[in-house]
Every structure is written in structure tokens, then in C-alpha cells.
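Any read-out appearing in this document is the output of simple, stated calculations on the displayed coordinates, not a laboratory observation. Worth saying up front: this structure is predicted, and the values here are computed from it rather than measured. Neighbour counts are summed over all protein chains in view; Cβ atoms, including those assigned to glycine, are modelled from backbone coordinates with ideal geometry.
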Amino acid sequence: METRVAKGHHAAMLRLLLCVVLAVAVLAPAPAAEPGMALIPGGTFTMGSARGLADERPPHTVTLKSYWIDRHAVTNAEFAAFLEKLGGFRNARGQHLFDWDDGDARLRRVQGKWRADPGFERHPANEMSWYGARDYCEAVGKRLPTEAEREYAARGKDGRTYPWGEAEPDKTRARFGAGWIETVPVGSYPAGATPEGVFDLAGNINEWTSTIMRSYPYRADDGRETPDILADRVVRGGAADTGADTLRGSWRGASVSRSARAGHHNIGFRCVKGAG
């Protein structure tokens, strides 16, 4: 009799505990939506690839907290507005932010104001240095993604090869294999978006990350995320003028010039933000 009572008591306590857990789950506030950004739930994934280039090896597990990522790369119009507000192309530390005199740029100073070239307002911005990308993100309350965050956004927990899955790249999913800076407006390839609705993580424009280019395994605490060391920074994603092999989520920009102090014709960026 006492045993049955004890078992009944334990069962009741378990049911009560379950109800409490469910109530907490229901009542816990979801992260507030961030306009223009997609939530990437935290988790553990395999970073790198045994089938990729030497700098993508060895594959190893990385665990990340949840974060928000811009759905699109920063556009010429958005970067022009940043330069206009800044009042120039150098920051207070004298760091060069934008190659304003490079003919490959699609924004310039017109009648004393920074403006995107007509017709290129929604194209991804290019020719900003790594410092320019970093400062833009800081100015809007965000930051550059680490290369781990950038890869995780493109590949997900399932480790897909491309942002859209395993299907080979084609001209319905990404902009690649085209001419020099022949970009298209951001978001032009909905078929190439991730399940979370992040566009152009493969093709159109390579993207700066916060990470210094070092060999794997990736560790955020080994110095590669130091913000003010002059060093090559990892770029991700592939571009309009690169080949299909650069669209893999594990590709680290091996064939791209990655000098942090200069802008480049086929490197842009997007920002991320912590999710609490």
C-alpha cells in the first residue's frame, strides 16, 4: 500500500514538473524580430570539409550561440548613406574605409554627396576595406560575422554543401561565372536562399568576415578574432565573376585577395547581431 502511494506521489510530482517546464517554454519570450534579419538558432555543426581545399581541413565541430544575420548583403545605397553620415572615407583612427577613386566602385561623391550610381542602388556594395565593413556594422548596432557564423548560416546543422542544399549550382540559384563586377540586385535568386530566408550566401559578391585567415581548427579564443591586427581576413561566398567551386559553404576565399586595408572589386559584406 505504501509503495503504491509513493509511486502515485512520484508520478504526480513528475506531471507537475512537466507542466512547469511546458509553461516556462510557452511563456518564455521569443527573440524580438530584427527587421531585415533572419534568426539562426544556435547549435553544433561540422565546420570545414574533407572534400574541399587544403585550408578547409580538417573538418571539426563548432558550437555557436543563436544570432541574427542580414538577409541581404549591404547595398550600394546603404553604404553610401553610411559614408554620407560619416562625412568621409576614413575613420577617427585614420583607417581607410573605401576605395572611392577605384573605377570598379558603384558609388561615388556627386555634387558633394555620396550616392550610388543610378541603377546600382540595390546591388551589393564593393570596394570597402575590411575596416569599412567593420565600421558600417558597428554604426548600425551590429558586427561582422565570424567565419564560423557565416559558414553555419550557409550550411545549417545538416552540413549541406550549398545554402539551398545539395543540388549543383545553376543560374536559377546564384550569380556566378559572369564577367568582372557583373553583379545583380541583392535577393535576385530566391531559389538559392537558405531555409531561414537568407539570400545570396553563395555568389554575387564575396563577403568579409571578422576572422583573421588562419589554419583550422577554428577557435574563437586563439587570437583570430582580434579586431585591430592588420592581417588578411577570411572572405566567404563566391562572387559574380568566380566559378561554381567557390559557392560551397565551406570555401574560405582561397583565390581572392583578402588584404584588410584595401577594397576589392568582388568583396562586400553583411552584418550579424547576437540573439541574447
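Of note:
- Packing, as the average of other Cβ atoms within 10 Å across residues, places the peptides 159-172, 252-265 in the order 252-265, 159-172, highest first.
- The range 34-274 - share of DSSP beta bridges that are antiparallel (%, nearest 5): 90
- Length gained when the stretch ALA54-LYS171 is fully extended (0.36 nm per residue, less Cα-Cα span): 39.4 nm
- Partner aspartates and glutamates for LYS157 [C-alpha distance under 16 Å; skip if fewer than 8 residues away on the same chain]: GLU147, GLU149, GLU166, GLU196
- Counting only lysines at least 8 places from LYS85 when in the same chain, those with an alpha carbon closer than 18 Å to its own are LYS113, LYS142.
- Length-normalised contact order of the range 138-247 in % [C-alpha pairs under 8 Å, at least 6 apart]: 32
- Phi-based couplings in Hz for the range 185-194 (Karplus 6.51, -1.76, 1.60; Gly and Pro marked x): x, 4, x, 6, 10, x, 5, x, 6, 7
- Under 5 Å between amide hydrogens, built in the peptide plane, is the criterion, and for ARG270 it picks out VAL74, TRP208 among residues at least 5 positions away or on other chains.
- As a rough guide to protection, the peptides 186-192, 232-238, 119-125 ranked by mean Cβ packing within 10 Å, highest first, stand as 232-238, 119-125, 186-192.
- Cβ-derived FRET efficiency at R0 41 Å, ASN91 paired with ASP158, nearest 0.05: 0.55
- Sorting the segments 65-74, 100-109 by their mean number of nearby beta carbons within 10 angstrom, highest to lowest, gives 65-74, 100-109.
- Helix-only CD estimate at 222 nm, as mean residue ellipticity for the chain, using -39500 (n - 2.57) per DSSP H run (n ≥ 4): -6500 deg cm²/dmol
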